[in-house]
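Engineer: Quick one: the structure is below, and I'll ask about it shortly.
The values are calculated or read from the model by the stated rules, or taken from the named source; none is laboratory data. Note that the structure is a prediction, hence the values are computed from the model and not measured. Cβ placement follows ideal geometry from the backbone for every residue including glycine, while neighbour counts extend to all protein chains displayed.
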Amino acid sequence: MKNKKLIYVLSIVIIIFIIGFSFLIYKSEQSEKNRIKKQIELDLVYNELDSISILLGDKILTISQLGGEIDSLIIIKENIEKEKKEFRGRAFTQINKLQGKVEGYKELLIAQDEEINKLKLINEQLYDENKDQKVEINTLNSTISEINKTKETLQVKVNYASRIELKNLEIFGISKNGRNYKNSFKNRLVNKIKIDIEIEENEIAKIEIKDIYLRVEKPDGNIMFDISKGSGSFIFENRELFYTIKREVLIDKLSKSLSIEYIKNEDFMIGNHTLILYTDSYIIGKKEFLVK
């Protein structure tokens with residue numbers, strides 16, 4: 001009888017132990033499930049914070065490139081990064097609070113999308129306005145360029161038309177007794193040459209004192225040159241040329257006559273000589289004379 005009672009008591013104790021142990025296992029499993037669930041929720045919130053931080057960084061860059069204000073957004077991004085650093089150490093009870101902040105940050109991102117769209121619209125309008133202005137400026141520049149080309153063309157024509165034009169050019173050999181030999185003479189009969197120049201009237205000529213250079217080319221191609229008689233050099237078409245004699249002439253729109261003499265210091269070379277009259281920018285005219 002006693003053995004039966006003992007067995008009965010032991011059975012009840014064992015059953016109670018099994019029930020208690022099973023309950024403990026159940027509670028432990030439930031606690032682990034809750035912990036895993038909370039951890040998943042924490043990870044989701046943290047990942048959302050991280051994603052929002054990245055998106056906000058992209059929007060800050062876009063708004064900055066579009067010329068918008070980004071100072072306050074930078075502060076918010078720094079706060080998000082701070083939230084991320086502190087996030088893992090927070091209690092599970094703060095999840096709802098953090099999720100509320102996440103929702104607020106999401107709304108902030110939406111607001112920045114609207115700001116970006118507005119800035120893009122403004123930039124597109126500015127681009128269109130600038131494009132129109134560029135077209136107008138290019139058209140104006142093209143018109144100005146055409147006007148300048150026309151002015152340059154007209155100026156070239158005016159400059160050409162205002163050149164010194166010869167009415168007549170004669171060369172004489174002068175003997176010691178004053179006798180003239182026109183365009184052809186014997187060397188032994190003359191001791192100097194005289195050049196008579198007649199300049200045409202020109203109403204559009206610029207009133208100025210102009211240098212006229214006379215070059216006398218000998219039959220061998222050399223220039224009659226004597227520094228003691230005023231010979232020298234000048235620049236013509238970016239190169240140095242020697243001249244036989246130079247004279248300053250007042251150009252005043254009226255016809256003009258002048259005579260230039262050159263006394264020889266040695267015998268003239270036998271053959272055809274060429275007289276060329278220059279200014280510093282163009283040839284006025286030329287003529288040959290013969291020394292026999």
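Engineer: Just for segment 67-80: of the residues that are surrounded by 15 or more Cβ atoms within 10 Å (Cβ to Cβ) and within 22 Å of N123 (Cα to Cα), which one is nearest to the chain's Cα centre (by Cα)? Step through it out loud before you land on a result.
Structural biologist: Of segment 67-80, the ones surrounded by 15 or more Cβ atoms within 10 Å (Cβ to Cβ) are 68, 70, 73, 76-77, 80.
Filter again for within 22 Å of N123 (Cα to Cα), leaving 68, 70, 73.
Values: G68: 28, I70: 32, L73: 37 Å.
The qualifying residue nearest to the chain's Cα centre (by Cα) is G68.
Listed here are the residues, each with its yes/no results for (1) of a type in the set (D, E, K, R); (2) farther than 23 Å from E165 by Cα.
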residue	(1), (2)
D196	yes, no
N202	no, no
K206	yes, no
Y213	no, no
E217	yes, no
S231	no, yes
F236	no, no
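Engineer: Restricting to segment 81-106, count the residues that are loosely packed, with under 10 Cβ neighbours inside 10 Å and either at pLDDT 70 or above or among the aromatic types (F, W, Y) (or both).
Structural biologist: The number of residues fulfilling the criteria is 1.
Engineer: May I pose another question? With the requirement that a residue be modelled with pLDDT of 90 or more and in contact with a helix residue (DSSP H, G or I) (Cβ under 7 Å, 6 or more places away or on another chain), what does segment 263-287 give you?
Structural biologist: If the condition is that a residue be modelled with pLDDT of 90 or more and in contact with a helix residue (DSSP H, G or I) (Cβ under 7 Å, 6 or more places away or on another chain), then I270 is the only one that fits.
Engineer: Is there a residue in segment 271-289 that is loosely packed, with under 14 Cβ neighbours inside 10 Å, among the aliphatic types (A, V, I, L, M) and touching a residue at least 24 places away in the same chain (Cβ under 8 Å)?
Structural biologist: The answer is no; no qualifying residue exists.
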